[in-house]
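Take a look at the structure below.
The values are calculated or read from the model by the stated rules, or taken from the named source; none is laboratory data. All of these numbers come straight from a predicted model, not from anything done at the bench. For neighbour counting, all protein chains shown are included, and Cβ atoms are generated from backbone atoms with ideal geometry for every residue, glycine included.
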Amino acid sequence: MPTGVENLGQLESQARAALEAAQSVQALTEARARFLGRKGSISSLLRGIGALDPAERGRVGQAVNASKQRIDEHFQARRRVLEAADQARAMERQALDVTLPGLVPPRGHLHPVTLIEREMTQFFSNLGFSIELGPEVETEYYNFEALNIPADHPSRDMQDTFFVEGGHVLRTHTSPVQIRAMSGRQPPFRFIAPGRVFRHDSDATHYPMFHQLEGFLVDERVTFGDLKGVLYAFAHQLMGPEVKLRFRAHFFPFTEPSAEMDFSWRGDWLEWGGCGMIHPRVLENCGIDSERYQGFAFGMGIDRTAMLRFGIPNIHLLFDGDVRVLEQI
Ligand code: DAH
């Protein structure tokens, strides 16, 4: 037996030892190839059989094939063991402890301006006012002309107004919603109009974008006393029963008479907004008979009210978007 077949038993033991030593499916497959692969040592034994005495070929061939098959069976068994171990490790990696406490996502809250705006609109809803909205990009007609603000009025100055291409402006107040809401309808009206307004102004108490609440009521026999009564009730609701209001004679083109109103706050008077009886020309601009109907109107800053209520000293803190500030409110 010149071809090394006499070593077959030893080779088989080596093969089994190599399969046993392999710790991964890949190492196992490599070990198998070293013995049973095309260039493996058992396969070369088989190839050597051709050179044997024909009388021996059958016996040797059978012995080698039987050995080959035993090694292959050992390989299959070992592979099942390694695959099961792989799978067990993978399961362990993916294991999920369902008894661990969950992650609670941090919970946000409404912006202080939104909170106050909702409180304000709720108060007026309870009095039967409904909400009207208008566009933030407005025509000069609605923002100025229809409100009786003449072309040479200072509030039309470039200093205050953001002009937009095409003869539009960013509305400088919510008063244009009065015109939009009243035109083409007939009184009685009870409306409020909250929203964003824009002015070319920026310091600790001014921001180029801020919020106003407009309110107006039109009917027969409406008086300045009605206006004061509504505003007193409103101020008390927002700021508490001890707050005082003060009306100072003022001028607005769209009201006559007009007043600015202040409220008492920790010993000071703070300006809150403007108000007055709607100018007859404004009513006429909306197609309303100003002999028969009168109305009152007012407009105040929502942001300023929020700053007082929450003790925020600088309006920029409201809008710079720093959650560390907003979280404290
Ligand atoms: N539109 C005025 C402003 O922005 C505020 C105002 C004053 C509104 C008097 C009114 C009003 O409705 O009657 O300064």
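If I ask for residues that are over 15 Å from Leu110 (Cβ atoms) and touching a residue at least 60 places away in the same chain (Cβ under 8 Å), which ones from region 313-329 would you list?
Keep residues of region 313-329 that are over 15 Å from Leu110 (Cβ atoms), which gives 313-317, 320, 322, 324.
Pro313, Asn314, Ile315, His316, listed by residue number.
Going by the structure shown, is Ile149 in the same structural domain as Glu291 (by TED's automatic domain parsing), assigned to a strand (DSSP E or B) and either more than 11 Å from the ligand (Cβ to nearest atom) or touching a residue at least 12 places away in the same chain (Cβ under 8 Å) (or both)?
Details: in the same structural domain as Glu291 (by TED's automatic domain parsing): yes; assigned to a strand (DSSP E or B): no; either more than 11 Å from the ligand (Cβ to nearest atom) or touching a residue at least 12 places away in the same chain (Cβ under 8 Å) (or both): yes.
So Ile149 does not fit the description; no.
Pairs needed: first member in region 255-270, farther than 21 Å from Pro176 by Cβ; second member anywhere, of a type in the set (Asp, Glu) and in a strand (DSSP E or B); C-beta distance under 7 Å; at least 6 residues apart or different chains.
Final answer for the pair search is Asp262/Glu271; Trp269/Asp262; Leu270/Asp262.
Does region 191-245 hold any residues that are more than 25 Å from Gly128 (Cα to Cα) and basic (Lys, Arg), and which are they?
Arg199 - this is the single residue of region 191-245 that is more than 25 Å from Gly128 (Cα to Cα) and basic (Lys, Arg).
So, in region 94-116, how many residues would count as being within 30 Å of Arg309 (Cβ to Cβ) and not β-branched (Val, Ile, Thr)? Let's see the steps before the verdict.
Within region 94-116, the first condition is being within 30 Å of Arg309 (Cβ to Cβ), and the residues that meet it are 104-116.
Imposing the further condition that a residue be not β-branched (Val, Ile, Thr) reduces the set to 105-112, 115.
Result for region 94-116: 9.
Within region 242-259, is there a residue that is touching a strand residue (DSSP E or B) at 6+ places or on another chain (Cβ under 6 Å) and within 16 Å of Ile192 (Cβ to Cβ)?
No - not one qualifying residue is present in region 242-259.
Report whether or not Glu56 is surrounded by 11 or more Cβ atoms within 10 Å (Cβ to Cβ) and over 25 Å from Leu82 (Cα atoms). Steps first, answer last, please.
On the way: surrounded by 11 or more Cβ atoms within 10 Å (Cβ to Cβ): yes; over 25 Å from Leu82 (Cα atoms): yes.
Here the answer is yes, as Glu56 does meet what is asked.
Out of all the residues in region 231-248, which are within 15 Å of the ligand (Cβ to nearest atom) and either more than 22 Å from His279 (Cβ to Cβ) or in contact with a Pro (Cβ under 7 Å, 6 or more places away or on another chain) (or both)? I'd like the intermediate steps shown before the answer.
Residues of region 231-248 within 15 Å of the ligand (Cβ to nearest atom): 231, 234, 245, 247-248.
Scanning region 231-248 gives Phe234, Leu245.
Out of all the residues in region 92-128, which are polar (S, T, N, Q) and either closer than 17 Å to Glu327 by Cβ or not in a loop (DSSP other than H, G, I, E, B) (or both)?
Narrowing region 92-128 to residues polar (S, T, N, Q): 94, 99, 114, 121-122, 125-126.
Correct list: Gln94, Thr114, Thr121, Gln122, Ser125, Asn126.
Within region 265-309, how many residues turn out to be among the acidic types (Asp, Glu), more than 14 Å from the ligand (Cβ to nearest atom) and out of contact with any Ser or Thr (no Cβ under 9 Å at 6 or more places or on another chain)?
Pass one, region 265-309, residues among the acidic types (Asp, Glu): 268, 271, 284, 289, 291, 303.
From the residues that got through so far, the ones that are more than 14 Å from the ligand (Cβ to nearest atom) too are 268, 284, 289, 291.
Now drop any that are not out of contact with any Ser or Thr (no Cβ under 9 Å at 6 or more places or on another chain), which leaves 268, 289, 291.
Summing the residues that are among the acidic types (Asp, Glu), more than 14 Å from the ligand (Cβ to nearest atom) and out of contact with any Ser or Thr (no Cβ under 9 Å at 6 or more places or on another chain) in region 265-309 gives 3.
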